[in-house]
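Written below as structure tokens is the structure these notes are about.
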Amino acid sequence: MQGSVQKPSFAFVAASWVALLAGVVAFLVGLWHADMQLNEKGYYFAVLMYGLFAAISVQKSVRDRLEGIPVTAIYYGLAWVSTLIAIALLVIGLYNATLSASEKGFYGMAYALSLFAAIAVQKNTRDSQFA
């Protein structure tokens with residue numbers, strides 16, 4: 001499988017990094033300026049970091065399995081469960097937050113963009129190594 005991997009284009013790599021930075025920076029700037037208690041800001045920050053790590057873990061473990069690299073079932077399952085838990089924690093937090101609907105949508109979209117872009121950056125990094 002490794003021989004058939006093509007190196008991602010510069011445009012796709014750049015777009016992936018820009019999307020990751022845009023999502024994370026937007027989320028963090030929103031938190032910085034939010035009218036929330038510090039512990040609430042910490043919760044959303046921790047959920048963002050947890051989600052990014054979990055999403056990258058899923059991408060890596062799925063890719064490893066496709067390429068025949070051994071991945072234990074427990075790690076594979078934990079990566080998926082962690083990603084779902086991270087998303088659920090954000091949804092539950094936003095559902096219970098005293099924010100306007102537009103603010104909740106902003107955080108949700110910035111979070112989704114960040115997770116998707118983290119997966120794309122991880123995929124590009126891996127493809128570049130094998131190409």
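The values are calculated or read from the model by the stated rules, or taken from the named source; none is laboratory data. Predicted, not measured: the structure shown is a model, and the values here were computed from it. Backbone-built Cβ (ideal geometry, glycine too); neighbour counts: all protein chains shown.
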key: Number of positions in the stretch 53-110 that are in a helix (DSSP H, G or I), more than 22 Å from residue 42 (Cβ to Cβ) and of a type in the set (Val, Ile, Thr)   = 4
key: Failed item in (1) assigned to a helix (DSSP H, G or I); (2) at pLDDT below 95; (3) surrounded by 14 or more Cβ atoms within 10 Å (Cβ to Cβ), with residue 24 passing the rest   = (2)
key: Positions within the stretch 55-70 being of a type outside the set (A, V, I, L, M) and touching a residue at least 60 places away in the same chain (Cβ under 8 Å), in sequence order   = 59, 60, 63, 67, 68
ask   = Can you tell me which of 114, 16 is among the hydroxyl-bearing types (Ser, Thr, Tyr) and either over 24 Å from residue 5 (Cα atoms) or over 15 Å from the mean Cα position of the chain (by Cα) (or both)?
value = 114
query = In the stretch 44-51, is there at least one residue being farther than 29 Å from residue 75 by Cα, touching a helix residue (DSSP H, G or I) at 6+ places or on another chain (Cβ under 7 Å) and in contact (Cβ under 8 Å) with a residue 12 or more places away in the chain?
reply = no
key: Residue satisfying condition, being surrounded by 15 or more Cβ atoms within 10 Å (Cβ to Cβ), over 25 Å from residue 126 (Cα atoms) and out of contact with any Pro (no Cβ under 6 Å at 6 or more places or on another chain), within set 42, 51, 93, 105   = 93
Residues of the stretch 79-88 that turn out to be out of contact with any Gly (no Cβ under 8 Å at 6 or more places or on another chain) and buried (at least 16 other Cβ atoms within 10 Å of the Cβ), as a count = 2
